[in-house]
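Have a look at the structure below, then the notes.
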Amino acid sequence: MQHILSRFDIDLETAVQGCSYVDPPPEFVKIDGCVILLEEYERSKHVNLRQFPDRTGYECFVNHVHFSCGSKVDFEKVLERAAIIRVALRELRDGRFQIVVSVARDDATLRFHKYREGEKWLTDNLDEYEEEAILAIEVDAWNSGP
């Protein structure tokens, strides 16, 4: 991911931390212990938790948004959406979350999930992903401070 940030001359900390207020904020629903973006849940009612090996997989499937990512402006939109979701999750105050941004060629996918014991979406070594660049943003939603 560092090569993409360098190519577009983007400071990750500023991009992801920079959002503090969103009007209106994203809405969430809680389904079977999962935190789901309401907008994505409405689009994905044809799937349910029983179709996935765990809650993390279900959340990552439903909570995913695709973006074009061929320019700096495109990538900044992805990071802005990640920052908006980060703020909304922190305000939810419902545990720890991980926002995952993956970029392959000129496409990006943003998704998120709640941390759960014994469940993982990503490997520990993000450099193992050879077909895409991965950015993992940790969200401590127990703490509402900056």
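The values are calculated or read from the model by the stated rules, or taken from the named source; none is laboratory data. The model shown is predicted, which means the values in this text are computed figures rather than measured ones. Backbone-built Cβ (ideal geometry, glycine too); neighbour counts: all protein chains shown.
Assorted remarks:
- Flag for R81 being of a type in the set (D, E, K, R) and closer than 21 Å to M1 by Cβ: yes
- Listed by first and then second residue, the pairs with beta-carbon distance under 6 Å, at least 6 apart or on different chains, first residue in the range 55-80 and touching a residue at least 24 places away in the same chain (Cβ under 8 Å), second among the polar types (S, T, N, Q) and in a loop (DSSP other than H, G, I, E, B), are V62/S44.
- Residue match in the range 105-115 (condition: closer than 18 Å to R55 by Cβ and polar (S, T, N, Q)): no
- Unique residue being crowded, with 16+ Cβ neighbours inside 10 Å and either basic (K, R) or touching a helix residue (DSSP H, G or I) at 6+ places or on another chain (Cβ under 7 Å) (or both) when the list is A83, A88: A83
- Pairs, first part of a helix (DSSP H, G or I) in the range 117-146, second at pLDDT 85 or above, C-beta under 6 Å, six or more apart: L126/I134
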